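Enquirer: Starting off with a structure, shown below.
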Ligand code: HEM
């Protein structure tokens, strides 16, 4: 360096071609971030109206249509003879979901054995399950009771359905205690 040369100032550094490119790139990224934030924080789409609560005992054949593929999109499954409304877990059980095989089905055997598949029989007699498998199905049943509403009982051939006063009620969770009696 000669005596006449001075060391570059901060401004000289900032306006060097490479730094100018970097500064513009950072500003561009900031612009994209702010823009995407403004777009997502815009007026939210209103949540869908709550689905009417369903109370009904069903046969395997009746349960079948509740696989989430119709317009209503309701998803039910059964474990240990109890039918649960798992619609709020639709990302698991809805069409294309990882556990869609359980939708509209008796999932007892699959959940007990760890196989994501359900029987197509008129009624799946699970009395052949091992004690460990029975315990596993029971754990799932307890988990579902915590998380989902009970719809009713899965009817064995020849069994008659209970009559529920609140077969379709707009007020979800209102009769949670009555649900427990349904088993
Ligand atoms: C590699 C093995 C597996 C992995 C990594 C896995 C992972 C997961 C994950 C991350 C969730 C979401 C949990 C949540 O967000 O609450 C889930 C949910 C679930 N898994 Fe698995 N899973 C596996 C195997 C299985 C098997 C073998 C079954 C039964 C046959 C099963 C049944 C389920 C069910 C039913 C749910 C939904 C529970 C609910 O409704 O809250 N999973 N699994």
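Every read-out reported here was derived from the displayed coordinates using simple, explicitly stated rules and does not represent laboratory data. On a predicted model such as this, the values are computed, not experimentally measured, just so you know. Don't worry about glycine lacking a Cβ; one is built from the backbone with ideal geometry, like all the others, and counts go over all protein chains shown.
Enquirer: Take peptides 98-109, 139-150, 154-165, 67-78 and line them up by average Cβ neighbours within 10 Å, highest first, as a rough protection proxy.
Expert: By packing density, highest mean first, the sequence is 98-109, 67-78, 139-150, 154-165.
Enquirer: Express in nm, to one decimal, how much length is gained between residue 143 and residue 37 on full extension, taking 0.36 nm for each residue of separation and deducting their alpha carbon distance.
Expert: Extra length from residue 143 to residue 37 when fully extended: 34.5 nm.
Enquirer: Can you tell me the order of 88-97, 12-21, 128-137 when each peptide is scored by its average per-residue count of other Cβ atoms within 10 angstrom, highest first?
Expert: My ranking of the peptides, most packed first, is 88-97, 128-137, 12-21.
Enquirer: Then there is this: Quick check on region 53-181: what does the Kirkwood estimate of hydrodynamic radius come out to from the alpha carbon pairs, in Å?
Expert: 14.7 Å
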